[in-house]
Amino acid sequence: GDGDHTSLSTIPQAANGKARLIVKDEGILAGVELAKHIFRVVDEGLSMEVFIEDGMQVKYGDIAFHVIGKDQSILTAERL
């Protein structure tokens, strides 16, 4: 559609921020490579710092990655 109306109406277009993916259970991580692709497609200006790659064992509280850039872009990509 034409975007996330909540983010577009409440977050300034120039606002920048940082988000992190926090693991909520034990297991094997999957989806980091897909997340990289989604963030790149949504906004090439977003940068990711990956701490745990796909296929690695994780536990509650681990941080898999950080993503830094425009808040609106982070929220758009996060919804995917």
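Start at zero, step by 5 Å, and the Cα-Cα distances of the range 35-80 spread as 5, 21, 29, 21, 15, 8, 0 percent across the bins.
Here the chain has 53 percent of its accessible surface on carbon and sulfur atoms, given a 1.4 Å probe and all protein chains in place.
FRET efficiency for the pair SER9 and LYS36, taken as 1/(1 + (r/R0)^6) with r the Cβ-Cβ distance and R0 = 35 Å, rounds to 0.75. In the elastic network of the chain, a GNM with C-alpha springs shorter than 10 Å, the most mobile of LYS59, LYS36, LYS18 is LYS59.
Put LEU29, LEU21, LEU80 in order of accessible area, highest first, and with a 1.4 Å probe you get LEU80, LEU21, LEU29.
Based on DSSP H segments of at least four residues, each scored -39500 (n - 2.57), the chain has a per-residue ellipticity at 222 nm of -9000 deg cm²/dmol. When THR76, THR10 are compared by accessible surface with a 1.4 Å probe, the order from highest to lowest is THR10, THR76. For the pair ASN16 and PHE51, the difference between a 0.36 nm per residue extended length and the Cα-Cα distance amounts to 10.5 nm. Note on LEU80 and GLU26: with the Förster distance fixed at 41 Å, the Cβ-Cβ geometry gives a FRET efficiency of about 0.95. Listed values (i) 1.32; (ii) 1.07; (iii) 1.01 include one computed from this model; for Rg/Rh (Cα atoms, Kirkwood Rh) that value carries the label (iii).
The values are calculated or read from the model by the stated rules, or taken from the named source; none is laboratory data. As the structure is a prediction and not an experimental result, all values here were calculated from the model. Every residue, glycine as well, gets a Cβ built from its backbone with ideal geometry; the counts of neighbours run over all protein chains shown. Protein only, heavy atoms only, side chains kept; ligands, DNA and RNA dropped before computing areas. Shrake-Rupley method; radii C 1.70, N 1.55, O 1.52, S 1.80 Å.
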